[in-house]
Amino acid sequence: MVKHPAFVAFTGIDDTRLIGDLQSLSARYPIEWGMLVDDAQAEKPLFPDVDARKAFATAGSLRLAAHVCGTEATKIANAPETVCVDLTGFQRIQVNHNFSGSSAEQVENTVLFGRRHGVRTMLQCKGAFPGDNRLDWLFDTSFGTGVSPASWPTLPKNGPFCGFSGGINPLNVESIIAAIGASADDLYWIDMESGIRTNGWLDLNKCEAVCRSIYG
């Protein structure tokens, strides 16, 4: 029997006019909505500005994750006390920073940053899942390009909470879950970005199609 993910993460909410629809879909399915945070790119598709971020974060009934990019992600990894971005209302924070050589100091800074804000912190990995239980780990070799990996890493037993991303969309989500091959006692999530967008913008019809494929 295929083990379904604990929830689905749809990354790239960007249009506050969809808040009511996000709430409606969240009431029916286990969803985490990921928001890309980078003020240098604000107002582009994928990157809501400060006012839009606040509107999402205060809407209620939404599980939210901030995917911090750019300068602020670098600050979290290297000098977290200098970070000024408001992350109120987010349940998890993913730091999209290139951790050169898996710097122990940068990982430690990321953990401490999450603790200061009272949220779980996520980092990306490109191979086997690390064993550090203080963080959640997302396997990601695609980085929003919609490319699936040649294979999926094995979920660690009694390890950290782990997720999978890379080329997942409504048409292949069932086969990818089968390929992940989680056992009955495994907990994991799946994340997708490009596969649930149309013309660059979030497409809730595609999000619902993914949820129906997984949860019925």
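The values are calculated or read from the model by the stated rules, or taken from the named source; none is laboratory data. What you are looking at is a predicted structure, and each value in this text was computed from that prediction instead of being measured. Glycine gets a Cβ as well: all are built from the backbone with ideal geometry, and neighbour counts include every protein chain shown.
Side notes on the structure shown:
- Residue check, Leu155 outside any helix (DSSP H, G or I), touching a Gly at 6+ places or on another chain (Cβ under 9 Å) and either without any contact (Cβ under 8 Å) to a residue 12 or more places away in the chain or among the aliphatic types (A, V, I, L, M) (or both): yes
Quick grid of which residues meet (1) part of a helix (DSSP H, G or I); (2) free of Cβ contacts under 8 Å to residues at least 40 places away in the same chain; (3) of a type in the set (A, V, I, L, M, F, W, C):
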{"residue": "Pro130", "(1), (2), (3)": "no, yes, no"}
{"residue": "Arg134", "(1), (2), (3)": "no, yes, no"}
{"residue": "Thr141", "(1), (2), (3)": "no, yes, no"}
{"residue": "Leu171", "(1), (2), (3)": "no, yes, yes"}
{"residue": "Ile177", "(1), (2), (3)": "yes, no, yes"}
{"residue": "Asp185", "(1), (2), (3)": "no, yes, no"}
{"residue": "Lys206", "(1), (2), (3)": "yes, yes, no"}
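- Residue in segment 140-150 that is at pLDDT 95 or above and out of contact with any Ser or Thr (no Cβ under 8 Å at 6 or more places or on another chain) present: no
- Filtered residues of segment 53-66 (kept if closer than 25 Å to Lys126 by Cβ and in contact with a helix residue (DSSP H, G or I) (Cβ under 9 Å, 6 or more places away or on another chain)): Ala66
- Put simply, of Asp21, Asp51 the only residue that is within 12 Å of Leu204 (Cβ to Cβ) and either out of contact with any Phe, Trp or Tyr (no Cβ under 6 Å at 6 or more places or on another chain) or surrounded by fewer than 19 Cβ atoms within 10 Å (Cβ to Cβ) (or both) is Asp21.
- Number of residues in segment 163-205 that are more than 16 Å from the chain's Cα centre (by Cα), among the small types (Gly, Ala, Ser) and within 13 Å of Trp152 (Cα to Cα) equals 5.
- Each residue in segment 72-110 was checked for being assigned to a helix (DSSP H, G or I), β-branched (Val, Ile, Thr) and surrounded by 14 or more Cβ atoms within 10 Å (Cβ to Cβ), and 4 of them qualify.
- Yes/no for Phe47 being aromatic (Phe, Trp, Tyr) and modelled with pLDDT under 95: yes
- Qualifying residue in segment 2-13 (condition: at pLDDT 95 or above and either more than 28 Å from Gly216 (Cβ to Cβ) or touching a Ser or Thr at 6+ places or on another chain (Cβ under 9 Å) (or both)): yes
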